[in-house]
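Trainee: Sending over a structure as C-alpha cells; questions will come in a sec.
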Amino acid sequence: MEFQDSPELAAFRAEVLDFLEKELTDEFLQPDEAVLGVGVGEDATDKEWLKKLATRGWVAPAWPKEYGGAGLSTAKQFVLNEELARARAARPNFLGIGLIGPTIVVHGNEEQKKEHLSGLLSGDVYWCQGFSEPESGSDLASLQTKAVKDGDEFVISGQKIWTTGAHRADMIGLLARTDPDAPNHKGISYFLVDMKSPGISVRPLTNMADMHSFNEVFFDNVRVPKTAILGELNRGWYVATTTLDFERSGILNAISLQQLMLEVIDATRQFRNGSPLVRHAIADRMIEIEVAIMLSYRVASMQEKGLIPNQEASITKLFASELAQRIGQTAMGLAGLHGQLGPGSPYAPLMGRIERMYRVQVGATLAGGTSEIQRGIIAQRGLGLPR
C-alpha cells in the first residue's frame, strides 16, 4: 500500500480542502449522533449541502457520470471521504446515497436507475432500509415478511424493525420472502417500495439515548408492481449482501472517531490530572484509532485494485464499532461524574455530548450486523474455519 499521495491525488486533496474552506459552514456540520452511526433524519440545510457537493459531482463521487456521479477513482473517493470526515461535514441521506444507491447502480436496470438515482442525489427522495425483523436480526435469512405474486403485482405482508429514518422516508429498500419452499437464502427478493403505498404504517421506537431514529414498519397487503424488484426474483439475498458490504466498509468512521476523541480529550482536561492511568487510557484509544484508520486504508486499497472486500470489511466494522464503545467508556471515565450530565446542563462537558455518546454507543456493535456475525464471517471466509 502506498501511503503518500501521488501528485494527482495531492492536487485533488488540495482541491477538496479549498472547497471545504470556502463552502463548509457551521450549519453543514455533522451532528454527533451521525458520527456515532445513528441516523437522526434530515433538515433543509442537508439539501443545501447536497447542492454544493453536486456542483462537483461529489454527492456520489464514484458513481458513473451518466448517473450523476463524478466517475472518480476509488483512491480519489477515499481522499474526498477522508477530508469530509476530518472536517465533520454532514452526510445527508447516507442510507440512500451510501448503501441503497450503490446497490441500484450495481443491480438495477436502466429504468430503475433513471427513476431512483436522481432523487437520491438531489436530496428530494429520502430512503430507509427494511431488513431486520423482530425474529430475524442477526439471522437475517430467516425473515418472514412475504411477497406473494398476484398477476403483475406482489402483495407484501409482514413487519420490519429498527428501521432508521422510516418516519421521514419516501422509499424503502425491502427484503421479502417470495418463495417459501426454497432454502432461506434462495427464496428472498429485494424490493424498492414507495413508503406512501396503502397498507404501510410506521410506529416510532425511542432508543436508550432518548432519540427517535428507529421505527417499526408494518406492511398490510401492500401492493407493488413486479418492476419494483431489484435484481432477479428470489435472488435478493445476493443483492442484499452488496448493500451490507457497502455498509461494513466503514471508511469514514475511523476518521470521525479520531476527531471525536480529540474533542473529548480537549473538553475533559479540566476534570483530571495527568495520572499514568489517564494517559494510558488516552494513548490506548489513539493507537486503536490509528489501527482503525489502517484497516480502512486496507479496504480502500482493495477497492482501488478492483477487489471486493468481504471479511476485510467485516474486520473493519467489528474493530471500529467496538472501538466506538471503548471511546464512549473512556470519555465517561475522563469526565468523571460530570460525564453523566446531559444536554442543557451548564456543567456538562461538550454540552452533554459525552453522556449522549456513552448511551448511543451501546448499539454500535448491533447495527449493520452484530459483532458475533462479523466474527463468524471472519472465521469462515477469512480463516477458512467450518460453520
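No value in this document is a laboratory result; all are computed from the given coordinates. Here the structure is a predicted model, which is why all the values come from computation and not from measurement. Every residue, glycine as well, gets a Cβ built from its backbone with ideal geometry; the counts of neighbours run over all protein chains shown.
Trainee: Normalising by the residue count of the chain, find the relative contact order in percent from Cα pairs under 8 Å and 6+ residues apart. Intermediate results must be reported in sequence, preceding the final value.
Mentor: Working: 651 pairs, mean separation 55.1, N = 387.
Relative contact order, the chain: 14 percent.
Trainee: Hey, how much of the P(r) for the stretch 128-235 falls beyond 17 Å, as a percent of Cα pairs?
Mentor: 49
Trainee: Which net charge results when you count Lys and Arg as +1 and Asp and Glu as -1 among the other residues whose beta-carbon is under 14 Å from that of Pro134?
Mentor: So the environment of Pro134 carries a net charge of -2.
Trainee: Write down the radius of gyration of the chain and its Dmax, each obtained from C-alpha positions, in Å.
Mentor: Using the Cα atoms of the chain, the pair Rg, Dmax is 21.1, 72 Å.
Trainee: Then there's this: Report the label-to-label distance for Ser275 and Glu21 in nanometres (one decimal), using points 7 Å from each Cα along the Cα→Cβ vector.
Mentor: So the two model labels end up 4.3 nm from each other.
Trainee: Full-extension gain between Ser118 and Asp210, please, as 0.36 nm times their residue separation minus the C-alpha to C-alpha distance.
Mentor: Details: separation 92, 0.36 × 92 = 33.12 nm, distance 3.39 nm.
Length gained between Ser118 and Asp210: 29.7 nm.
Trainee: Kirkwood Rh, Cα Rg: Rg to Rh for the stretch 249-382? Intermediate values should be presented prior to the final figure.
Mentor: Working: Rg = 16.3 Å, Rh = 15.7 Å.
Rounded to two decimals, Rg/Rh equals 1.04.
Trainee: Round to the nearest 10 and give me the degree value, 0 to 90, for the angle of helix 110-122's Cα axis relative to the longest principal axis of the chain.
Mentor: Value to nearest ten degrees: 30.
Trainee: Per DSSP H run of at least 4 residues, take -39500 (n - 2.57); add these up for the chain, divide by its residues and hand me the 222 nm value, nearest 500 deg cm²/dmol. Write down the numbers at each step before the final one.
Mentor: Values: 12 runs with 164 residues, N = 387.
Theoretical 222 nm ellipticity from helices: -13500 deg cm²/dmol.
Trainee: Tell me the angle of helix 74-86 to the major Cα principal axis of the chain, expressed in degrees between 0 and 90 and rounded to the nearest ten.
Mentor: Roughly 50 degrees, rounded to the nearest 10.
Trainee: If you don't mind, another one. Could you tell me what % of all Cα pairs in the stretch 111-187 have separations over 19 Å?
Mentor: Working: 1363 of 2926 pairs.
In whole percent, the long-distance tail amounts to 47.
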